[in-house]
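Please read the structure below before turning to the comments.
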Amino acid sequence: MSGFNGLNLGLGNLARLSDAKTRSISAENYTGGKGQGAMATEGTGANCARELGVGWKVSPSVEIEPNATFVMGEIEGPGAIQHIWMTSAPHQWRNLILRFYWDGEEAPSVEVPMCDFFCNGWQERADVNSLPIAVNPAGGFNSYWQMPFRRSARITMENRNPDKTVLYYQIDYTLTEVPDDAAYFHAQWRRSSPVAYKDVHTILDGVRGKGHYVGVYLAWQVNNTGWWGEGEIKFYMDGDKEHPTICGTGTEDYFGGAWNWEQPQGTYRTYSTAYLGMHQAIKPDGLYRSQQRFGMYRWHVMDPIRFDSDLRVTIQDLGWRSGGRYLPQQSDIASTAFWYQSEPHAPHPTLPDNDAREVI
């Protein structure tokens, strides 16, 4: 018997043998059962495969009716999800709600619109080339977040669109022993549309328990002219009230850039790296015009922010006004926060309705 459980993989331990069992769930194998793939006789590809028969891409995807929730996967543990791939029509992304439930819990640990989970909240595809999230032409969403569970995992997709959606997906996981100190993966979506004047956007609040924050994706629309990213990010942890323990120096600074991301002069330079990026800039003519939209991510993979009892994360919405003064802005900011923690977790805020999530 191998002593290696097959988790926490990297080039340094990839050669190690393990007794972990590799499984995969897709529309061609709904249960992930051994030797049970490519057995479908009906499915979205049945007509195309009518002259070839079973095993010839009979069920490559699923159709989800409006206001229906499809169970993408139910897994008996212990084990860990290691990779997820999916794709669907871009105009439907914000109304497809992705949820994860660990160990039989009733309230999901992950509840996020599909596009925001994969750093594409504006429903206009932008490639992402990072360690835990990759988005590739022409709309292939990939997650490499490690998601351990002990008894069970349940993954669902709710279709809140007025029309049915066609979803292609694959969930790759391992069945193996999970160490006692492994926490559970969580993700939460919030939106301020707009941010209240002289207020902040709350990325995360109400977290209770022991854990560590591992990153955020922001979809940010600027509703005024001028440079907009002076706001500081703040982390209030373990009883912090008025003042945070961790405070950043500016928006582009937190996402690993500097000096307004302006390179060459008059142009926003997008970038996507292993741990951070400003990978999307959607703008009208001119550098500092109103209604520009940005996508940016920051993964705390090498520098997780650890908390013992509670966590709150905010970011200021701050630009410039006349006389060299700061301007409290009223941008449209949607955030997806990612963290690990022990269970049970506090319930997420109620996910807003379609109008409150809509990209307009």
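The values are calculated or read from the model by the stated rules, or taken from the named source; none is laboratory data. Small disclaimer: the values here were computed from a predicted structure and weren't measured. Virtual Cβ from ideal backbone geometry, glycine too; neighbours counted across all protein chains shown. What goes into the accessible areas is simple: the full protein's heavy atoms, side chains included, and nothing from ligands, DNA or RNA. Shrake-Rupley method; radii C 1.70, N 1.55, O 1.52, S 1.80 Å.
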Could you please find all residues in region 12-42 being charged (D, E, K, R) and either closer than 19 Å to VAL54 by Cβ or touching a Pro at 6+ places or on another chain (Cβ under 9 Å) (or both)? GLU28, LYS34, GLU42
For TYR236, state whether it is out of contact with any Asp or Glu (no Cβ under 6 Å at 6 or more places or on another chain), surrounded by fewer than 20 Cβ atoms within 10 Å (Cβ to Cβ) and either closer than 30 Å to TYR101 by Cβ or at pLDDT 95 or above (or both). no
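Which is within 20 Å of the chain's Cα centre (by Cα) and free of Cβ contacts under 8 Å to residues at least 24 places away in the same chain, of ALA126, ALA134?
From the options ALA126, ALA134, the qualifying one is ALA134.
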If you take the residues of region 273-304 that are of a type in the set (Gly, Ala, Ser) and more than 14 Å from VAL216 (Cα to Cα), which of them is nearest to the chain's Cα centre (by Cα)? ALA281
Filter region 151-163 for residues that are outside any strand (DSSP E or B) and not polar (S, T, N, Q); which is most open to solvent (accessible area, probe 1.4 Å)? ARG151
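Considering region 1-30 alone, what residues qualify as being among the hydroxyl-bearing types (Ser, Thr, Tyr), under 17 Å from PRO78 (Cβ atoms) and surrounded by 13 or more Cβ atoms within 10 Å (Cβ to Cβ)? Break it down stepwise before answering.
Taking region 1-30 first, the residues among the hydroxyl-bearing types (Ser, Thr, Tyr) are 2, 18, 22, 24, 26, 30.
Remaining after also requiring under 17 Å from PRO78 (Cβ atoms): 2, 18, 22.
Once the filter is applied, which keeps residues that are among the hydroxyl-bearing types (Ser, Thr, Tyr), under 17 Å from PRO78 (Cβ atoms) and surrounded by 13 or more Cβ atoms within 10 Å (Cβ to Cβ), region 1-30 yields SER18, THR22.
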Note on region 258-281: residues open to solvent by 20 Å² or more (accessible area, probe 1.4 Å), small (Gly, Ala, Ser) and out of contact with any Asp or Glu (no Cβ under 8 Å at 6 or more places or on another chain) are GLY266, ALA274, ALA281
Are any of the residues in region 288-302 open to solvent by 50 Å² or more (accessible area, probe 1.4 Å), without any contact (Cβ under 8 Å) to a residue 60 or more places away in the chain and charged (D, E, K, R)? no
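The rows are residues; the columns are (1) of a type in the set (D, E, K, R); (2) outside any strand (DSSP E or B); (3) within 19 Å of the chain's Cα centre (by Cα).
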{"site": "ARG306", "(1), (2), (3)": "yes, no, no"}
{"site": "ARG312", "(1), (2), (3)": "yes, no, yes"}
{"site": "ILE333", "(1), (2), (3)": "no, no, yes"}
{"site": "PHE338", "(1), (2), (3)": "no, no, yes"}
{"site": "THR350", "(1), (2), (3)": "no, yes, yes"}
Can you run down the residue pairs with Cβ atoms below 6 Å, 6 or more apart or on separate chains, where the first is in region 174-194 and surrounded by fewer than 20 Cβ atoms within 10 Å (Cβ to Cβ) and the partner is at pLDDT below 95 and of a type in the set (D, E, K, R)? none
Of a type outside the set (Phe, Trp, Tyr) and outside any loop (DSSP other than H, G, I, E, B): which single residue out of GLU252, GLU242 fits that description? GLU252
Would you list the strands (runs of 3 or more DSSP E) that sit entirely within region 60-123 and hold 2 or more residues that are open to solvent by 10 Å² or more (accessible area, probe 1.4 Å) and more than 23 Å from SER24 (Cα to Cα)? none
In region 199-233, what residues are part of a loop (DSSP other than H, G, I, E, B) and open to solvent by less than 20 Å² (accessible area, probe 1.4 Å)? TRP227, TRP228, GLY229, GLY231
Can you work out which of the residues in region 319-330 that are out of contact with any Pro (no Cβ under 6 Å at 6 or more places or on another chain) and under 15 Å from SER193 (Cα atoms) is surrounded by the most Cβ atoms within 10 Å (Cβ to Cβ)? GLN329
Residue check: is PRO148 closer than 27 Å to LEU131 by Cβ and surrounded by 20 or more Cβ atoms within 10 Å (Cβ to Cβ)? yes
Here is a check on your reading of the model: is VAL166 hydrophobic (A, V, I, L, M, F, W, C) and either part of a loop (DSSP other than H, G, I, E, B) or within 15 Å of the chain's Cα centre (by Cα) (or both)? no
